[in-house]
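The values are calculated or read from the model by the stated rules, or taken from the named source; none is laboratory data. Because the structure is predicted, anything quoted here is derived from the model rather than measured. In case anyone asks, the SASA skips ligands and DNA or RNA and just uses the protein heavy atoms, side chains included. Shrake-Rupley method; radii C 1.70, N 1.55, O 1.52, S 1.80 Å.
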Amino acid sequence: VDICNTGVGEAYDVRVGVQIIAGWGAEKMREPWAEVLRGCGDRINLDTDFFIWENAIPEREKGGRMRRVPMALARQHRHVVKDRLDDYDFFSAWEDDMYIGASHVRHFLETSARLEELAAAAAAQPQQPEGDGKSLRGWRDDLRPDAYLRMFPAFVRVETALVGSEDPGAGAGVFLGDAKSSCCPEPHPASHVVEGGVGTLSYAKNELLAWEWGAGGMGVRHFPAPFDGWVAVVPGKSAGWLTSYTGYGEGGEEVAEGGPSRFGQQAGWMATKEQVLRLDHKICRQGFLPPDTSHEQGKESFWYWFPGGNVEFFSGGFFLFGSRQCRVARVMDLSSEDAFLNHLVYHSSNNKQVQKPEKMQSVRTIYDELIGKVDKAKERLAQP
């Protein structure tokens, strides 16, 4: 509804469709959900563009019986994208407790366009011949045009601190959950605090917190004109190929905290139709959209295409941004605090800080540390 009412830029006449994919009998919720979506006005046609796919958990034969595979519910959105590919120009698929607003879509479109411009500018430059011994993979080195087309603007999950000081202190600014320019619409109700589940934390109440990404596992890199600015790379060697200045090791590009604990799982993805087609035809080894089941391999082709994995794999994270399947690198714009905030998505369950309080970090501190890495990287670049 925020996307409908706010829009995503003057260049876009926004009309939306909504598909809810549920592992339970969700059809009974059609009218309450439709009532909410009426806030979109004439930007949605509830008769043709509001769908509910209930009891959508897929089944697979095992031991002579058909058994449900609950983890694979998170893969089902790919079927919807394939079926409706010609009906929409933009797709956004997320786990059900993620808040995605108009600012996220607008920033994704704008940053994606800047990456496309970088690819075009790189294509206009003389390319290094193969085998000349020059590495194009160091954080100081130029990138080839196709590298920029294999990048997405990153999204990383945050929560708002349930407990903490009532005085946020100087500099808190936009890094509070109730700030107007924040990623998060409102602080989560304090009733969600589990007694004894949240320790004494040195945060301000409603301060933005992260638990699966941080400056220690990230790096920074400068993009040339026309982008002409610094980005954070998620994680430090994103998708196994995009290097960055991490501040570790002799060359400053070793990754100290790689792996799933600091991978930055974003619980979903968004892409233009053009990007979806690029993923399907050029980037992802097995394709991005599911295969046609009408050929002779039948249903088993689905399970080859969707190998065993967890929700995080199927919902987009490891499949898209890991180092094996699609290998799409992720970057965050560091040109300003507001630009950085547009990469943060609100985990509205707000319960990771209860489940994993020892992993929580202040987003304000992470941002300051990343800017510190930019300063050190600039010093390295200035050295002969």
What list of ³J(HN,Hα) couplings, whole Hz, do you get for segment 212-223 from phi and the Karplus terms 6.51, -1.76, 1.60, once you set θ to phi - 60° and write x for glycine and proline? 10, 8, x, 4, x, x, 10, x, 10, 7, 9, 9
Show me, for segment 63-76, the HN-Hα J-couplings you get by feeding each phi into the Karplus relation (A = 6.51, B = -1.76, C = 1.60, θ = phi - 60°), rounded to Hz, glycine and proline as x. x, x, 10, 7, 10, 6, 10, x, 4, 7, 4, 5, 8, 5
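Return the equivalent ellipsoid semi-axes of segment 9-121 as a descending list in whole Å, where each equals the square root of 5 times an eigenvalue of the C-alpha gyration tensor.
Working through the eigenvalues yields semi-axes of 30, 21, 12 Å.
Quick check: at a probe of 1.4 Å, how many percent of the accessible area of segment 1-130 sits on carbon and sulfur atoms? Mind dumping the intermediate values first?
Working: 3750 of 7690 Å².
Percent of accessible area from carbon and sulfur atoms in segment 1-130: 49.
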With θ set to phi - 60° and the Karplus curve 6.51 cos²θ - 1.76 cosθ + 1.60, what are the ³J(HN,Hα) couplings of segment 358-369 in order, to the nearest whole Hz, using x for Gly and Pro? 5, 9, 6, 9, 6, 5, 4, 5, 4, 4, 4, 5
